[in-house]
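Asker: What follows is a single structure, and I will ask about it in a moment.
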Amino acid sequence: MSALTIHVAGDERSVDQGTTAADLFGDDRAVVVARVDGELWDLDRVLPDGAVVEPVRIDEPDGLMVLRHSTAHVLAQAVQQVNPDAKLGIGPPIRDGFYYDFEVEKPFTPEDLKNLDKVMQKIINEGQTFHRREVSDGEALRELAGEPYKCELVGLKSNAEDAGEGASAEVGEGGLTIYDNLRKDGTRVWGDLCRGPHIPNTKLIGNAYKVMRSAAAYWRGDQANQQLQRVYGTAWPTKADLTAYLDRLAEAEKRDHRKLGAELDLFSFPDELGSGLAVFHPKGGVIKREMEDYVRRRHLEEGFEYVGTPHISKDGLFHTSGHLPYYADTMFPPMEFEGANYRLKAMNCPMHNLIFRSRGRSYRELPLRLFEFGGVYRYEKSGVVHGLTRVRGMTQDDSHSYVTPEQAPAEIKHLLNFCLGLFRDFGLDDFYLELSTRDDKHKDKFIGSEEDWAIATEVLEKACLESGLALVPDPGGAAFYGPKVSVQAKDAIGRTWQLSTIQYDFSQPKGFQLEYTAADGSRQQPVMIHSAKFGSIERFIGVLTEHYAGAFPPWLSPVQVLGVPVAEDFNDYLWDVLAQMKKQGIRVELDESDDRFPKKIRNASKAKVPFVLIAGEEDRSNNSVSFRYRDGSQENGVTIDAAIAKVRAAIDEKRQVSTAS
Ligand SMILES: [Zn+2]
Ligand SMILES: [Zn+2]
């Protein structure tokens, strides 16, 4: 038998012809797939001479993807076992799980899903193996004659990327493959058109999977196509991982800002307004105003000048800026009147450019920093609109810094530090940065010269590295007019939210012919740096509501102190204390309801007020009050002056307060 040379995890090895990755790593159950010359391969594929082979474990990102996608096959097999008429769509892995689309007569009921879970467990316990089989187009079409959607994919394979989200899991460049599921005795139970790879054996899924829910989805994401039923599931390396994931979901659900927004009377989304358009109620209005006041003051302190611009404009402006036609899909459609097309603005920069251009500018004025709370409107598909975190109408805390090219590095650093400082004041302190650069394979989608991109990317990268924060590359994620840095913040339960973006723009200054007079009297083009700190006020309120689970720090709390008298007899005394606090600018409320004291305490705890002030006979006779905190701890007999000072200090220091100290 002739030998071949392969490279295994860095070592050169001589092996027999016919060797598979399973022969190399088979002893380690955690290895579920191999990376062969950079591509993921099933363990049982025969390795070619010269191959570079690495093991991929079940708990690595690639391993998890393969595990989840393999579980999607088991789901599809279960669906067709229960309902042989179900037609298969696509079944890719997604973040934390997978889905599979089916054409079925009736949507799945919760009972159906429970039953599928059971049928899947039987399939998994059978220890079915996955076998890869190469087929020609003709063979695939014959074999899949009963699967119209799969046949359509066969016809589209050269264009899998365009065929629909996830379609590249089934077909793609190169030949077609069908994966057969075989029982221990070698009989074929089921098969699916798929590029693979898969885990070697269904047993590896164990009981660490769950069918989660189902929803309608259009074939290939197009509303003109057939409506299918999408079943979502999740799978993890161990049962403990699955349990931890389900716990995280439950925690996230408790924190869902849409639910808390209604419970705490902060905001709502009236149908009459339309999808993705929020109204803030008085209590939510307090949070919004505190945030805006603070952010406005901080911008002024950091050298920004406050400006104002309208919500609509003639569309020529957006052609000058380059947003049209590039950005047309995400803008609201035009309104025509007086012979012109008007657009709701989706960004503020073009209007800030007009302010810059309104008169001659000298290098002495730079950096010139314009800031406003700009109302912008973006056409988000109704399927992606989500509470306050994905809206159609929002208020950006948007600024544009106009600088000389030499000033750009310092300004980017300035903006980055400014953003991080803001977040720390709002109680977020775990960040990393993402650097979005041009997609070098699709240069036509980006404007500007090689040199422009190289300089801009370098400047941003340097600022990121100097910040000392972790930096994650995002190739291809840049805006068409320049690269950007985004600040990603982790919340209280470890979820990541993209917040600030800082974008380097060499293009709009060109389009608007912006210039300043340099020290030598020549006319020069400034660099423009876009920066939204929170992204939008709406979104940030959504993020903070979830981060704090509605229990805001005192400075943001709609009601900072809630007075709860032990009995009605103490209403006047407590009101007198609250009135003194109110004079100190503290937001107070008194519970004068007929509810009994324990009920009042329960209501206070539901309202998540940071300071609950209690007074009974002892406090009244001593001229004191008692505090009750969110965690149920208490502090008794505090003098009125000390109580006021305590609340005021927590507000001024922007501290979170949940317990007696
Ligand atoms: Zn597959
Ligand atoms: Zn901008």
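Asker: Could you state the angle between the C-alpha long axis of helix 408-425 and the longest principal axis of the C-alpha atoms of the chain, as a value from 0 to 90 degrees rounded to the nearest 10?
Answerer: 70
Asker: By how many nm would the segment from Ala9 to Glu451 lengthen if fully extended, with 0.36 nm per residue of separation less the alpha-carbon distance?
Answerer: Answer, rounded to one decimal: 155.3 nm.
Asker: If you take the charge dipole of the stretch 3-57 about its Cα centre, with +1 on Lys and Arg Cβ and -1 on Asp and Glu Cβ, which of Ala3, Ala22, Val32 is farthest toward its positive end?
Answerer: Val32
Asker: Describe numerically, in nm with one decimal, the distance between label points set 7 Å from Cα along Cα→Cβ at Asn636 and at Ala240.
Answerer: Simple spin-label model gives 4.4 nm for this pair.
Asker: How big is the stretch 3-57 on each of its three principal axes, counting only the C-alpha atoms and giving the largest first in Å?
Answerer: 27, 19, 17
Asker: Any chance you could run the full-extension gain for Asp594 through Arg95? It's 0.36 nm times the residue separation minus the Cα-Cα distance, nm to one decimal.
Answerer: Extra length available between Asp594 and Arg95 comes to 174.7 nm.
Asker: With a cut-off of 17 Å, note down the residues of the stretch 555-575 whose backbone N falls inside the zone around a label point 7 Å from the Cα of Arg648 toward its beta carbon.
Answerer: Within reach of a label on Arg648, which here means backbone N under 17 Å from a point 7 Å along Cα→Cβ, the stretch 555-575 contributes 555, 560-561.
Asker: Checking the a/c ratio against 1.5 first, then a/b against b/c, what shape does the Cα gyration tensor give for the stretch 36-160?
Answerer: Because a/c hits 1.5 or more and a/b fails to exceed b/c, the stretch 36-160 counts as oblate.
Asker: Here is a follow-up. Kindly state, as a whole number, the per residue volume in cubic angstrom of the convex hull around the alpha carbon atoms of the stretch 61-252.
Answerer: 119
Asker: Roughly how many debye, to the nearest 20, is the charge dipole of the stretch 554-652 about its Cα centre, given +1 on each Lys and Arg Cβ, -1 on each Asp and Glu Cβ, and no other charges?
Answerer: 540
Asker: For the stretch 220-303, run through the GluC sites (Glu not before Pro) and keep only the ones in DSSP coil with at most 13 other Cβ atoms within 10 Å of their Cβ.
Answerer: Glu272
Asker: Please name whichever of His414, Phe597, Ala78 sits farthest to the positive end of the charge dipole of the chain, dipole taken about the Cα centre and charges placed at Cβ: Lys and Arg +1, Asp and Glu -1.
Answerer: Of the candidates, Phe597 comes out farthest on the positive side.
Asker: Express in nm, to one decimal, how much length is gained between Glu406 and Gln227 on full extension, taking 0.36 nm for each residue of separation and deducting their alpha carbon distance.
Answerer: Roughly 58.9 nm would be gained on extension.
Asker: Ser268 versus Arg495, label points 7 Å from Cα toward the beta carbon: distance in nm?
Answerer: Result for the modelled spin labels: 2.3 nm.
Asker: Which GluC sites (Glu not before Pro) in the stretch 64-145 pass both tests, a DSSP loop state and at most 11 other beta-carbon atoms within 10 Å?
Answerer: Those that pass, being in a loop and sparsely packed, are Glu105.
Asker: Suppose each label sits 7 Å from its Cα in the direction of the beta carbon; what would the Ala22-Asp62 distance come out to in nanometres?
Answerer: Between Ala22 and Asp62, the simple spin-label model gives 1.9 nm.
Asker: Just how many % of Cα pairs in the stretch 367-508 lie over 17 Å apart, if you round to the nearest whole percent?
Answerer: 65
Asker: Continuing with the same structure: Defining a contact as two alpha carbons under 8 Å apart and six or more residues distant in sequence, what relative contact order in percent does the stretch 312-362 show?
Answerer: That works out to 39 percent.
Asker: Further, regarding this structure: Going through the stretch 509-612, which GluC sites (Glu not before Pro) have at most 14 other Cβ atoms within 10 Å and a DSSP loop state?
Answerer: Glu592
Asker: Which aspartates and glutamates does Lys203 reach when only Cα atoms under 17 Å apart count, and residues fewer than 8 places away in its own chain are ignored?
Answerer: Of all the aspartates and glutamates, those that pass the test against Lys203 - Cα under 17 Å, at least 8 places apart if same chain - are Asp27, Asp28, Asp42, Asp44, Asp59, Asp117, Glu126, Asp180, Asp185, Asp241.
Asker: Charges on Cβ only, +1 for Lys and Arg, -1 for Asp and Glu, centred on the Cα centroid of the chain; of Leu469, Val559, Ala489, which one is farthest towards the dipole's positive end?
Answerer: After comparing all options, I get Val559.
Asker: Helix 110-125 against the longest principal axis of the chain: what's the angle in degrees, Cα atoms only, rounded to the nearest 10?
Answerer: The two axes meet at around 50 degrees.
Asker: Explain nothing, just the number: dipole magnitude of the stretch 444-554 about its Cα centre with +1 on each Lys and Arg Cβ and -1 on each Asp and Glu Cβ, in debye rounded to the nearest 20.
Answerer: That gives the stretch 444-554 a dipole magnitude of about 400 debye.
Asker: Evaluate the charge dipole of the chain about its Cα centre and quote only its size in Debye, nearest 20, assuming +1 on the Cβ of each Lys and Arg and -1 on the Cβ of each Asp and Glu.
Answerer: So the magnitude is around 1240 debye.
Asker: What do you get for Rg/Rh over the stretch 554-652 if you use C-alpha atoms and the Kirkwood form of Rh?
Answerer: With Rg and the Kirkwood Rh in hand, the quotient comes to 0.92.
Asker: Å³ per residue of the Cα convex hull, for the chain?
Answerer: 223
Asker: Quick one: divide the alpha-carbon radius of gyration of the stretch 94-146 by 2.2 N^0.38 Å and tell me what you get.
Answerer: 1.55
Asker: If you average the sequence gap of Cα pairs under 8 Å that are 6 or more apart and divide by the length of the stretch 61-252, what percent do you get for the contact order?
Answerer: This gives 27 percent for the stretch 61-252.
Asker: Among the lysines in the stretch 535-627, how many pairs, 8 or more places apart or on different chains, have alpha carbons under 23 Å apart?
Answerer: The result is 6.
Asker: Give me the angle, in degrees from 0 to 90, between the Cα long axis of helix 450-467 and the longest principal axis of the Cα atoms of the chain, rounded to the nearest 10.
Answerer: 60
Asker: Can you tally the net charge around Pro483? Count Lys and Arg as +1, Asp and Glu as -1, for every other residue whose Cβ sits under 9 Å from the Cβ of Pro483.
Answerer: +1
Asker: Roughly how many Å is it from the Cα centre of the stretch 537-598 to that of the stretch 252-314, as a whole number?
Answerer: Distance between centres, Cα-based: 21 Å.
Asker: Now for a different question. Please give the FRET efficiency for Glu336 paired with Arg523, using the beta carbon to beta carbon distance and R0 = 35 Å, rounded to the nearest 0.05.
Answerer: About 0.40, to the nearest 0.05.
Asker: What is the stretch 210-333 by shape, rounded, prolate or oblate, if you read a ≥ b ≥ c off the alpha carbon gyration tensor as root eigenvalues and call it rounded for a/c under 1.5, prolate for a/b larger than b/c, and oblate otherwise?
Answerer: oblate
Asker: Return a whole-number percent for the relative contact order of the chain, with Cα pairs under 8 Å and 6 or more residues apart as the contact set.
Answerer: Here the relative contact order equals 9 percent.
Quick note: the coordinates plus some simple rules give every number you see, no bench work behind them. In this text, all values refer to a predicted model and were calculated from it rather than measured experimentally. For neighbour counting, all protein chains shown are included, and Cβ atoms are generated from backbone atoms with ideal geometry for every residue, glycine included.
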